[in-house]
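Participant: Before I ask anything, here is the structure I am working with.
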Amino acid sequence: MKKAYRFETHFHTKESSPCGCVPAAESVRKYYESGYDGIVITDHFSAGVLGSEGGTSWQTAMDRFLKGYWAAKNEGEKLGLTILLGAEFRFPGNYNDFLVYGLSEDFLRGWEWLYEASLQSFFPIADKLGFAVVQAHPFRAECYRGNPAYLHGIEVFYGNPRHNSKNMLAKEWAQKYGLLESAGSDFHKMEDLAGASVLLGKRPRTSLEFAHLLRERAYRLETRRKL
Ligand SMILES: [Zn+2]
Ligand SMILES: [Zn+2]
């Protein structure tokens, strides 16, 4: 059988997410031991976590945001695990979260106060640059569905054990609007490890390649928990 490359798509580090409980190097090693080929680091990217204009400088906010990614990347390189840069965006006005794939450090440093914009204004830029925008846990109680015109996909297999994310409703909703279906663990604690993942036919070397594979729907989903 052809090799499939197992990737975690939704992952937080202690260094950059206040709710993250595990230092990046430690969790990266555990993912490696659990048979993963890569992780997309998706720390929280919002004013609530990183600060607003006037309170801090954008470059300081980005240093803080990227700390966990770099810690994960350094450990991943030692092990041969692919570490890619993503982010979990939250725009002002609601509790909806959007996982964004395809990012680079240069892009983030150059677009000051990007998380203070809106999904509607961000999506056309992301779409044109080849990013993938995937709404995280869209059926969680405090969330509502983003306009499907501004989404490439949604998380339909949400592996985290501490939330009821109504995965079956998410799957139906994805099918109704023709959105790509993603799966992730929302890793914050060791108990979240390897809850759900994507299996890719090809190993992406960059975050943009990962976004491309998602948008091409060149993957399968896998979950180790009951939906
Ligand atoms: Zn969190
Ligand atoms: Zn998350």
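The values are calculated or read from the model by the stated rules, or taken from the named source; none is laboratory data. None of the values given here were measured: they were computed from a predicted structure. Reconstructed Cβ throughout: ideal geometry from the backbone, glycine too, with neighbour counts over all protein chains shown.
Participant: So which of ALA174, ALA149, ALA183, ALA170 is buried (at least 20 other Cβ atoms within 10 Å of the Cβ) and more than 16 Å from ligand 2 (Cβ to nearest atom)?
Facilitator: That would be ALA174, the only listed residue that is buried (at least 20 other Cβ atoms within 10 Å of the Cβ) and more than 16 Å from ligand 2 (Cβ to nearest atom).
Participant: Please determine, by comparing only the residues of region 38-52 that are part of a loop (DSSP other than H, G, I, E, B) and buried (at least 24 other Cβ atoms within 10 Å of the Cβ), which one is farthest from ligand 2 (Cβ to nearest atom).
Facilitator: Top of the filtered list is ASP43.
Listed here are the residues, each with its yes/no results for (1) within 16 Å of ligand 2 (Cβ to nearest atom); (2) outside any strand (DSSP E or B).
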{"residue": "LYS3", "(1), (2)": "no, yes"}
{"residue": "PHE7", "(1), (2)": "yes, no"}
{"residue": "ALA25", "(1), (2)": "no, yes"}
{"residue": "TYR32", "(1), (2)": "no, yes"}
{"residue": "TYR36", "(1), (2)": "no, yes"}
{"residue": "LEU66", "(1), (2)": "no, yes"}
{"residue": "TYR69", "(1), (2)": "yes, yes"}
{"residue": "GLY76", "(1), (2)": "no, yes"}
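Participant: Okay, next question. Which is within 26 Å of ALA25 (Cβ to Cβ) and either over 15 Å from the mean Cα position of the chain (by Cα) or not small (Gly, Ala, Ser) (or both), of TYR115, TYR95, TYR101?
Facilitator: Exactly one of TYR115, TYR95, TYR101 is within 26 Å of ALA25 (Cβ to Cβ) and either over 15 Å from the mean Cα position of the chain (by Cα) or not small (Gly, Ala, Ser) (or both), namely TYR101.
Participant: List the number of the failed condition for LYS73; all other conditions in (1) more than 15 Å from ligand 1 (Cβ to nearest atom); (2) in contact with a Leu (Cβ under 9 Å, 6 or more places away or on another chain); (3) touching a residue at least 40 places away in the same chain (Cβ under 8 Å); (4) not polar (S, T, N, Q) hold.
Facilitator: Exception for LYS73: condition (3).
Participant: For region 118-223, which strands (runs of 3 or more DSSP E) that fit wholly inside it have 2 or more residues that are in contact (Cβ under 8 Å) with a residue 60 or more places away in the chain and under 20 Å from GLY68 (Cβ atoms)?
Facilitator: Counting at least 2 such residues, we get no strands (runs of 3 or more DSSP E) at all.
Participant: Could you pull out the residue among LEU103, LEU85 that is part of a loop (DSSP other than H, G, I, E, B), farther than 20 Å from ALA196 by Cβ, among the aliphatic types (A, V, I, L, M) and within 16 Å of ligand 2 (Cβ to nearest atom)?
Facilitator: Every option except LEU103 fails the conditions.
Participant: Can you find, within region 191-200, the residue that is surrounded by the most Cβ atoms within 10 Å (Cβ to Cβ) among those that are out of contact with any Lys or Arg (no Cβ under 6 Å at 6 or more places or on another chain) and at pLDDT 95 or above?
Facilitator: Filtering region 191-200 for residues that are out of contact with any Lys or Arg (no Cβ under 6 Å at 6 or more places or on another chain) and at pLDDT 95 or above, the one surrounded by the most Cβ atoms within 10 Å (Cβ to Cβ) comes out as VAL198.
Participant: Assess whether VAL22 counts as being surrounded by 14 or more Cβ atoms within 10 Å (Cβ to Cβ), within 16 Å of ligand 1 (Cβ to nearest atom) and either modelled with pLDDT of 95 or more or over 17 Å from the mean Cα position of the chain (by Cα) (or both).
Facilitator: It is true that VAL22 is surrounded by 14 or more Cβ atoms within 10 Å (Cβ to Cβ), within 16 Å of ligand 1 (Cβ to nearest atom) and either modelled with pLDDT of 95 or more or over 17 Å from the mean Cα position of the chain (by Cα) (or both).
Participant: Next up: From (1) out of contact with any Ser or Thr (no Cβ under 7 Å at 6 or more places or on another chain); (2) closer than 20 Å to GLU155 by Cβ; (3) buried (at least 21 other Cβ atoms within 10 Å of the Cβ), pick out the condition that doesn't hold for HIS10.
Facilitator: Going through (1) out of contact with any Ser or Thr (no Cβ under 7 Å at 6 or more places or on another chain); (2) closer than 20 Å to GLU155 by Cβ; (3) buried (at least 21 other Cβ atoms within 10 Å of the Cβ) one by one, HIS10 breaks only (1).
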